[in-house]
Amino acid sequence: MRGQIAIVYNEPSASRYSMTAEDRAVFGVLEAVDAVKRAATGLGYEAVTVPLAMPPEAAGQRLAALRVDLVFNLFEGFTGYPETEAFVPELLAELGIPYTGCDAATLKLALNKPDFKRMLRAAGIPTADFELVTPETLSGFSLGFPCIVKPAAEDASHGITADSVVRDFASLERQVKAVCEHYGGRALVEKFLGGREFNVTVMGNTTCEVLPISEIEYRLPPELPPVLSFEAKWSPESTYYRGTQVICPAVLSSGERESISRTALRVYELAGCRGYARVDMRFDASGIPNVLELNPNPDISPDAGAARQARACGLDYTRFIEKIIDLALERRYGHPHPSHGGGRQVSAHADPARHARVQDI
């Protein structure tokens, strides 16, 4: 046996997302939990699953009682409270228990989208113009149209619908009111970029690698704006789901690939990412990649974008999970633990482009 691993995750339950029919995403973590457990067991680990639920005090006691070599962190925040995503790595750091993925500071930064975008701007990394608004402050709105209205602190495309892209003030007012009512407080309004959309997974600690780039390709009716809506990810019966596909690896010129990869690495380093993270971006009118979001500890279900990109460079799912584990142990010991022998190197080469569904990006 190679050691003991606890797979820690948020126990799904009914939440405020039920009000917007978005609770499917809450239960999506279970697929990743099962897949990671199978992979870890296949690698020779003794793997146990540890679901966490409110209150935080009880969850903290469960973590403190763990006697394992490593926590595989799939925790996305207590159900309905995405701002608590950093709870697990924060506590594990205090307890001295090694864990996979990014640390608490990076998770907090990525979830605070306005602060993240300000950091990008300060570093000279392109990102769309934006304003943080409420229904009461809309009178001072000056961004112009078209623009896209998002929750200021959500992930998994919560709050993103066909109505999110607005082209006049009346539509903007309605959408800002809806977002603030359902997702709390303020709405992030960005200039809408209509160019090609990409996401790229980066893996590593001090030495980092960019996995093959994925392009999100939209084949939608003209009345639907090309956005990665909640339906596109989670509703197989929807037009968005059927009309949104992934091409991995993306068909790009060498210059485009270099520009996207360089941007992803800069974001990864700037945000202090460790282990693995995904950077989403779109071309602007000049063909310059603009960062949309950073997703530390993205979905790693077998059909998700990160796993798909790993397959495109020769890592099957079990070896992908092994690499994530080895990166976590490297952080603890300065190198992969002697009993592990290290993961297989990610190849810089990719298979020919192939199409895939988008539900778990």
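The values are calculated or read from the model by the stated rules, or taken from the named source; none is laboratory data. Given the structure is predicted, the values throughout are model-derived calculations rather than measurements. Reconstructed Cβ throughout: ideal geometry from the backbone, glycine too, with neighbour counts over all protein chains shown. For accessibility, only protein heavy atoms count, side chains too; no ligands or nucleic acids. Shrake-Rupley method; radii C 1.70, N 1.55, O 1.52, S 1.80 Å.
What is the extension gain from GLU46 to GLN61, computed as 0.36 nm multiplied by their sequence separation minus the C-alpha to C-alpha distance, in nm to one decimal? Each step should come with its number before you reach the end.
Working: separation 15, 0.36 × 15 = 5.40 nm, distance 2.14 nm.
Contour length minus Cα-Cα distance gives 3.3 nm.
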Checklist line | Per residue value of the accessible surface for the chain (all protein chains in place, 1.4 Å probe), Å² | finding: 41
Checklist line | Crossing angle, helix 254-270 versus the chain [Cα axis fit, 0-90 degrees, rounded to tens] | finding: 70
Notebook entry, point to check: For the stretch 220-262, how big is Rg over Rh, using alpha carbon atoms and the Kirkwood form of Rh?
Noted result: 1.12
Item checked: Helix 29-42 vs. the chain, principal-axis angle (Cα, 0 to 90°, nearest 10) -> 30
Margin query: Could you tell me the calculated FRET efficiency between ARG219 and ASP34, based on Cβ-Cβ distance and R0 = 35 angstrom, to the nearest 0.05?
Written below: 0.65
Next item on the list: For the stretch 168-253, just the Cα set please: Rg and Dmax, both in angstrom.
Entry: 16.5, 48
Notebook entry, point to check: What FRET efficiency would be calculated for the residue pair PHE145, ASP303, taking the C-beta separation as r and a Förster radius of 35 Å, to the nearest 0.05?
Noted result: 0.45
Checklist line | Between 0 and 90°, nearest 10: helix 113-122 axis offset from the chain longest Cα axis | finding: 90
Next item on the list: For the stretch 113-241, count all C-alpha to C-alpha pairs, find those more than 17 Å apart, and express that count as a whole percent of the total.
Entry: 64
Next item on the list: Using a 1.4 angstrom probe on heavy atoms only, work out the carbon and sulfur share of the accessible area of the stretch 157-206 in %.
Entry: 47
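Between GLU258 and SER286, what's the calculated FRET efficiency when r is the beta-carbon distance and R0 is 22 Å? Round to 0.05. Can you show the working numbers first?
Details: r = 16 Å, r/R0 = 0.72.
It comes out at approximately 0.85.
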